[in-house]
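Participant: Okay, here's the structure, questions in a sec.
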Amino acid sequence: MSNHSSRPSEGQHAPHSASSSRSRLPYWCVLVALLAALGFCFGFGGFQSDAPTTTEPEASSILPPEPEPEPEPQPVVQTVDFSATGDNLIHAKIYQQAAERAVGDAQYSFDYCYQNLVPFYSGCDVNWINQETLCTDELEPSTYPCFSTPGDCARALYRAGIRVFSLSNNHTYDKGTSGIAATLRFWASMPDDVVTTGLWRGEADYGYIPVHTVNGITIAYLSYTEHTNGIPRKDSMEANIIYTNQTDVIEQQVKKAAELADFVVVGTHWGVEDSHTVTEAQQTLAQQLADWGADVVVGTHPHVVQNAEWRTAADGRPVFVAYSLGNFLSTQSKKDQLIGTILTLRFQKTTDPDGTVTLELLDPKLHPTVTHYGPSKSEVRTYLYRDYTPELANAHGVRANYSDFNYDYIRATVEKYIDPAFLDFT
């Protein structure tokens, strides 16, 4: 048996051996290379993941939104546009024509007289008028010197936009006890939004102050007359007027009204008929009313226009006084009796966030009006001067006696007697 050497002879190749370091890399080197290759594929998109990736924002960019600043409290402003109209004096020609125009079951139709004013009144929140004659559905109509007017006249005024009726004037007692009773029943039958002032059911009723609220503003209304044409109050009358010389009563009422309401409107039936001159008595009472708490003084009775002015009350308030608005509707015969004015102004109430209330009387204006009628006082109706024309003026029935009555005369008259600062022809 021969022995074989383990060393190969020259020229022979040694068999592959796992321990050979020269002909094969170690296993760990292969593994490292494989992992590196996999990393390369992932890094350059060789393998794509379907899961979305998210990037966490930096902590400094996650901030709560800035809170909205609280709005500053604002004042609350409330306004009332107010108008006051002069003497609605219903003569026979007016109610006779109203009877002729009636249709259906109606006995009268007065709408024709006022229809030209409807757009104007619709622009105001409150419309006041001096109802110069008693309105009833019970008494026969009558004319000068002791008037009684069909209730349909007041209903037509209501349809035109009037809501506040002043009843204190020199014709209030024209029909005595029966007239007062009948007119009280009539006004009680009117819609609930009608306000009347100027009649009280005796001294026990003097504490009653008519007040209503419009657009958040309270307004009180009082009315007084200088006289009643010499007709005294009878004990049998259910209600009475208060005369302008009863200043102790008036003072108490006006002061109470000022406590109850934001604004106080006082109607005063005073002055000299057919006179454009303001009397000293008118001026004295106007100042007293202002000092006691009135904000607006509306003058009627002279049947012609008089001046207007601001007065300063004892507490510093500005108070507006229109001494006479003149006639609104009538068939009076003098040329200046056919010219009137309608007062407009604004009541403004401002309530600040702290509760402070400021009351202001703004922009008083007097708008001229014309009572127009044709020959023999036919077709009686009223126009605003702004809607009147030279042609209508030249056709006016009053020219039969006053040939100088024309369009320019109307304007010249109001400019002569009323401060132009208060006139509005537009």
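No value in this document is a laboratory result; all are computed from the given coordinates. Source: prediction; values computed, not measured. Heads up, the Cβs are rebuilt from the backbone with ideal geometry, glycines too, and the neighbour counts pull from every protein chain shown.
Participant: So if R0 is 30 Å, what FRET efficiency would Lys416 and Asp125 give, r being the distance between their Cβ atoms, rounded to the nearest 0.05?
Facilitator: Step by step, r from the Cβ atoms, then E = 0.40.
Participant: Evaluate the relative contact order of the chain (contact order divided by residue number), counting alpha-carbon pairs under 8 angstrom at least 6 apart; express in whole percent.
Facilitator: Answer for the chain is 14 percent.
Participant: What is the calculated FRET efficiency for Gln288 to Asn406, with r their C-beta to C-beta distance and R₀ = 45 Å, to the nearest 0.05?
Facilitator: 0.65
Participant: Further, regarding this structure: Note the angle between two axes, namely the Cα long axis of helix 280-292 and the longest principal axis of the Cα atoms of the chain, as a number of degrees from 0 to 90, rounded to the nearest 10.
Facilitator: 40
Participant: In whole Å and largest first, what semi-axes does the C-alpha gyration tensor of the chain yield when each eigenvalue is scaled by 5 and square-rooted?
Facilitator: 96, 26, 22
Participant: Can I ask one more? Place a +1 charge on the Cβ of each Lys and Arg in region 270-402 and a -1 charge on the Cβ of each Asp and Glu, then give the dipole magnitude about the Cα centre in debye, rounded to the nearest 20.
Facilitator: Details: 11 positive and 15 negative charges, 117 e Å.
For this selection, approximately 560 debye.
Participant: Something else about it: What is the extension gain from Ala204 to Thr426, computed as 0.36 nm multiplied by their sequence separation minus the C-alpha to C-alpha distance, in nm to one decimal? Can you show the working numbers first?
Facilitator: Working: separation 222, 0.36 × 222 = 79.92 nm, distance 4.62 nm.
Result: 75.3 nm gained on full extension.
Participant: Report the gain in length on full extension from His212 to Ser178: 0.36 nm times residue separation, minus Cα-Cα distance, nm rounded to one decimal. Don't jump to the answer; show the numbers that get you there.
Facilitator: Working: separation 34, 0.36 × 34 = 12.24 nm, distance 2.89 nm.
Computed gain between His212 and Ser178 is 9.3 nm.
Participant: Determine, from the Cβ-Cβ distance of Val249 and Asp137 and an R0 of 35 Å, the FRET efficiency 1/(1 + (r/R0)^6), rounded to the nearest 0.05.
Facilitator: 0.65
Participant: Report the gain in length on full extension from Asp274 to Gln107: 0.36 nm times residue separation, minus Cα-Cα distance, nm rounded to one decimal. Could you put the intermediate results ahead of the total?
Facilitator: On the way: separation 167, 0.36 × 167 = 60.12 nm, distance 3.31 nm.
Going from the current span to full extension adds 56.8 nm.
Participant: For a quick check: sort Tyr108, Tyr158 by the number of other beta carbons within 10 angstrom, fewest at the front. Let's see the in-between values first.
Facilitator: Values: Tyr108 22, Tyr158 16.
Fewest-to-most Cβ neighbours within 10 Å comes out as Tyr158, Tyr108.
Participant: Suppose each label sits 7 Å from its Cα in the direction of the beta carbon; what would the Ala99-Ser376 distance come out to in nanometres?
Facilitator: In this crude spin-label approximation the distance works out to 1.6 nm.
Participant: Just to be sure I follow the rule: in the chain, considering lysines 8 or more places apart or on different chains, how many pairs have Cα atoms under 20 Å apart?
Facilitator: The result is 13.
Participant: On C-alpha positions alone, give me the angle between the axis of helix 151-160 and the longest principal axis of the chain, in degrees, nearest 10.
Facilitator: 30
Participant: A further question on this structure: Cut-off 10 angstrom, C-alpha nodes, Gaussian network model of the chain. Which of Thr341, Thr356, Thr279 fluctuates the most?
Facilitator: Looking only at Thr341, Thr356, Thr279, the biggest GNM fluctuation is shown by Thr356.
Participant: Hey, another quick one. Which one of Ser109, Ala400, Pro191 has its Cα pushed farthest toward the positive end of the charge dipole of region 90-422, where Lys and Arg give +1 and Asp and Glu give -1 at the Cβ?
Facilitator: The listed residue farthest towards the positive side: Ala400.
Participant: Report the label-to-label distance for Ile231 and Asp387 in nanometres (one decimal), using points 7 Å from each Cα along the Cα→Cβ vector.
Facilitator: About 3.2 nm separates the two model spin labels.
Participant: Further, regarding this structure: Using the charge dipole of region 75-169 (Lys, Arg: +1 at Cβ; Asp, Glu: -1 at Cβ; taken about the Cα centre), state which of Cys146, Leu157, Cys135 has its Cα farthest towards the positive end.
Facilitator: Of Cys146, Leu157, Cys135, it is Leu157.
Participant: Out of all DSSP beta bridges with both ends in region 90-422, state the antiparallel percent to the nearest 5.
Facilitator: 55
Participant: Round to the nearest 10 and give me the degree value, 0 to 90, for the angle of helix 407-417's Cα axis relative to the longest principal axis of the chain.
Facilitator: 90
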